[in-house]
Amino acid sequence: RDEAYRSKSVGVCLCFPDLYETGFANAGIEILYRVINRRDDSYAERAYAADSDLAAALRGRGWPLFSLETRTPLKDFDIVGFGLPYELCFTNVLEMLDLGGIPLKAHERGKEDPLIIGGGPCVINPEPLADFFDGFVIGDGEEIFGEIIACMKAWKGSGASRTELLKSLARIEGFYVPSLYAVEYFPDGRVRSVTPTAEGVPASVAYRRSSLEAMEAPVVPFVQTVHDRLNVEIQRGCPWRCRFCQAGFSYRPYRERSKEDLLQIVEHGLKHTGYDAVTLAGLSAADHTEIVPLLQELSDKFSLRRVSIGLPSTRADRFTLAVAEILHSVRRQSLTFAPEGGTERMRRVIRKELQESEIRQTLSTAREHGWKSVKLYFMYGLPTETQEDLDGIVHLVSDSVKQNRGLALTLTLSPFVPKPHTPFQWHPMDTLDVHRKKLQDLRKRLAASIRAHGLEQIVVEGVLSRGDRRCGALLEYAWRTGSKFDEWSERFHFNVWQKAFAETGLTPEFFSQRVRTQDEVLPWDHIQGGPDKRALWNDYQTALKQAQESLPEKPHLKERPTVAPSRPVVLTSEKPVQRLRFRLSRHGDVRFLSHLEQIEMIRRMVRRAELPVAFTSGFHPQMKASFGPAISVGYESECELFDIELTQRLEPGQAFEKLSQEAPEGFSVLKASRVPLFFPSLESLLNRVEYRVRVPQDFLHAGGADLPAGLEEFLARKELTLEKIRKKGTAAETTVKIDLHPLILGAEWIMEESSPVLRLTLRFGPGKNAKPEKIAQLLLSLKDEDTARLAVERKAFWIEKPDGTLTEP
Ligand code: SF4
């Protein structure tokens, strides 16, 4: 989008309050990014939380946090939208606002400041964030965002006040403007009432639902992210209604994409991304009505291309033989099941309709089909829980371990946090001490590896998930005194939060550990997130009643879907008939990719080009490819080399064309050539390398004027050594001296674009490497920190034969 377009359009920065690697695959941001960029009156860019080093660098230089695409400061957008996936990212929201140069509180913002909007799972109770946000999208964002943009566009040219804009937005179905509601409290701290303060503002805001958008291929990251695969949303909502599950209640009604649409989406997505793994994403993906035929057709179509297919957490009663066979045909993605409760009584109370026999059968099916490990999720601290229920977890796990030798179980144990808009929204949460005791006991008795959520983090989550507007002060205090990245256990500081509780006078006892009565006004009552309050209360009472009732003697077992036996695809490894060698250049920002990130980028490029590559055999088939020597982060290059083996013959020119079309910005394919299959590997052949080091002018002045003479003196030194630290940061760290004389084959100053550039030809091979910037540092007597300003380009590799002749690889 050019400057002219941007100046007359509504600019939206979609923010995720965690690191790029974590937030990249967020479905909400992905969907809105497409929706907004498809319009002809708006554009969307993205921004993520800055890690502490970047945040310090930005503050140190006085630079605001900016968007990824055009490096525009957050404060210069019309709208800044935050996805709010979990409560423990709230302090990161404050950090991003502050770093982005935006006043923290909604009432402090003026006409020139962007509109701050929140969306995602946590807006089901937006009250703790009410002070900081201008508005919240309650529900699906696909349709409502168009209306918000139209409203913003009309306001921009109108000269009306910011309050007028907020009032117009409040009239949009599903848009909540907290500043247009007054909250009153009883002296004991409970909410007395929440009432709109302006005409035309609804008394309550209903959840907005959209039909499922057509999906397009996502943006592909260069760096490795948490969900580094094609995620395809196959359903929204869940056909089940587990009583503890907020998502199950709020994302209703249950909606699915058809098998035909999904096949097209996967085909298109793989073609345009080059991923080799697909996850069929959804709250309960195995419940998709066409899941088995869908998996079968995906497997038929993509297994031969070694694309693996996976499901996220699967209901144990849906993991059938047919599903198992299809899922493991290429490579096994991990399997996760969530029984949640340890006994049938407990599972009945939380309405996790799952029998113990089904869990056992599922684990046997997984083992019989070759899975070596399975993850199981359990919760403790659930309503009406007794010691017997906790013992039930221990028995279920130890019996499963005995019955499934060779299948490793990894358990995730999570304390129960009651969530708004579920039947358990009135229920008190266990205290920290009770949680500690229960977890210690389970840890002692469970014979499996255990991952447990941080209990102190859960105290804060419990408060923020059912807190009211006063929690804004708590959040601000915690953020100002150092809380950030609270979701990361190693960065979470409970003492900071304890101080924040003490200073603000707010307590976990009040917000999460007391019994709430039916008639209490809940802070989120004016947000209509799912079934109405009375239905939820009745369901809560039913759960408490069921806790006392005896279980039916013969539990009603749901019928498993009958499916035709699957046709597992037999993968045979075709022999390679040809090897092609490619040379790539990398320039610009992609110089910051690591060698491994570059390798993954090349693999995706080859898959997108649909070259007939050969694969290794075994459980984890890999493309038969070999890569040239590793490149350092920060180097540009004209000689990134890689070989691939093909199962069909292809003219190098044809392969060059296909691959060139798939090269991302910053990379260019320079050459393709044939190499005999039996030739030794690239790395073992290369023994000479040429670099260019561009040196900033100010360094040259500091180092003296006569560069050739300086270089001559340098090379003539009797002792010319570099110190290199091996195994840096480990107990085995050692410093070795490298003699540069045998490594430097040539050195000269040349002029490029009127700047002097040091051209170095170096010996290359195992144990014979010296970094060109280190040689330049020694030559010019630079400080360590100055080497970051040297621009290095790897220009060429050579094969030097024993007789001294040189050939290009
Ligand atoms: S099956 Fe899973 S997603 Fe569905 S309601 Fe139960 S816990 Fe929630």
For D391, all conditions in the list (1) surrounded by 17 or more Cβ atoms within 10 Å (Cβ to Cβ); (2) charged (D, E, K, R); (3) under 26 Å from L439 (Cβ atoms); (4) more than 15 Å from the ligand (Cβ to nearest atom) hold save one; what is the number of the exception? (1)
Taking into account only those residues within segment 230-246 that are in a loop (DSSP other than H, G, I, E, B) and without any contact (Cβ under 8 Å) to a residue 60 or more places away in the chain, which is surrounded by the fewest Cβ atoms within 10 Å (Cβ to Cβ)? P239
Tell me whether segment 400-417 contains one or more residues that are in contact with a strand residue (DSSP E or B) (Cβ under 7 Å, 6 or more places away or on another chain), assigned to a helix (DSSP H, G or I), at pLDDT below 95 and surrounded by 17 or more Cβ atoms within 10 Å (Cβ to Cβ). yes
Can you list the strands (runs of 3 or more DSSP E) lying wholly within segment 704-809 that have 3 or more residues being surrounded by 12 or more Cβ atoms within 10 Å (Cβ to Cβ)? 721-726, 744-752, 755-763, 791-800
Options K671, K658; residue that is of a type in the set (K, R), assigned by TED's automatic domain parsing to the domain that holds V590 and buried (at least 17 other Cβ atoms within 10 Å of the Cβ): K658
Report yes if some residue within segment 371-378 is under 30 Å from G618 (Cβ atoms), in a helix (DSSP H, G or I), aliphatic (A, V, I, L, M) and away from the ligand (no atom under 16 Å from the Cβ); otherwise report no. no
Return the residues of segment 722-739 that are over 39 Å from the mean Cα position of the chain (by Cα) and of a type in the set (V, I, T); say none if nothing qualifies. V736, I738
Can you give me the number of residues within segment 262-304 that are within 16 Å of the ligand (Cβ to nearest atom), among the β-branched types (V, I, T) and either surrounded by fewer than 21 Cβ atoms within 10 Å (Cβ to Cβ) or under 24 Å from G618 (Cα atoms) (or both)? 2
Among the candidates A447, A366, residue that is assigned by TED's automatic domain parsing to the domain that holds W524, assigned to a loop (DSSP other than H, G, I, E, B) and on the phi < 0 side of the Ramachandran plot: A447
Kindly list the number of the only condition in (1) under 28 Å from T422 (Cα atoms); (2) touching a residue at least 40 places away in the same chain (Cβ under 8 Å); (3) part of a loop (DSSP other than H, G, I, E, B) that fails for K484. (1)
Can you find even one residue in segment 776-786 that is on the phi < 0 side of the Ramachandran plot, outside the structural domain of S585 (by TED's automatic domain parsing) and among the hydroxyl-bearing types (S, T, Y)? no
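Check whether at least one residue in segment 205-223 is of a type in the set (S, T, N, Q), surrounded by 16 or more Cβ atoms within 10 Å (Cβ to Cβ) and within 16 Å of the ligand (Cβ to nearest atom), and report yes or no.
No: segment 205-223 contains no residue that is of a type in the set (S, T, N, Q), surrounded by 16 or more Cβ atoms within 10 Å (Cβ to Cβ) and within 16 Å of the ligand (Cβ to nearest atom).
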Any hit, segment 253-261, residues being among the acidic types (D, E), within 12 Å of the ligand (Cβ to nearest atom) and out of contact with any Phe, Trp or Tyr (no Cβ under 6 Å at 6 or more places or on another chain): no
Collect the residues in segment 614-650 that are more than 17 Å from R306 (Cα to Cα) and among the basic types (K, R), keeping them in residue-number order. R649
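Residues checked against (1) assigned by TED's automatic domain parsing to the domain that holds L409; (2) of a type in the set (F, W, Y); (3) more than 25 Å from D51 (Cα to Cα):
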| site | (1), (2), (3) |
| --- | --- |
| T481 | no, no, no |
| F485 | no, yes, no |
| F492 | no, yes, no |
| K499 | no, no, no |
| F510 | yes, yes, yes |
So in segment 233-246, with the set limited to residues that are among the charged types (D, E, K, R) and over 15 Å from M379 (Cβ atoms), which one is farthest from the ligand (Cβ to nearest atom)? E233
Qualifying position, being under 30 Å from L740 (Cα atoms) and free of Cβ contacts under 8 Å to residues at least 60 places away in the same chain, among E683, E638: E683
Tabulated pairs, segment 290-317, first at pLDDT below 80, second within 16 Å of the ligand (Cβ to nearest atom) and acidic (D, E), C-beta under 7 angstrom, 6+ apart or interchain: R315/D287; A316/E358; D317/E358
Got at least one residue in segment 189-204 being in contact (Cβ under 8 Å) with a residue 24 or more places away in the chain, in a helix (DSSP H, G or I) and more than 16 Å from the ligand (Cβ to nearest atom)? no
Test F249 against the criterion of being within 16 Å of the ligand (Cβ to nearest atom) and either in a loop (DSSP other than H, G, I, E, B) or assigned by TED's automatic domain parsing to the domain that holds W426 (or both), and give yes or no. yes
Scan of segment 420-444 for residues that are part of a helix (DSSP H, G or I) and among the charged types (D, E, K, R), ordered by number: D433, R436, K437, K438, D441, R443, K444
In segment 267-300, how many are farther than 20 Å from N26 by Cβ and part of a helix (DSSP H, G or I)? 16
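The values are calculated or read from the model by the stated rules, or taken from the named source; none is laboratory data. Because the structure is predicted, anything quoted here is derived from the model rather than measured. Glycine gets a Cβ as well: all are built from the backbone with ideal geometry, and neighbour counts include every protein chain shown.
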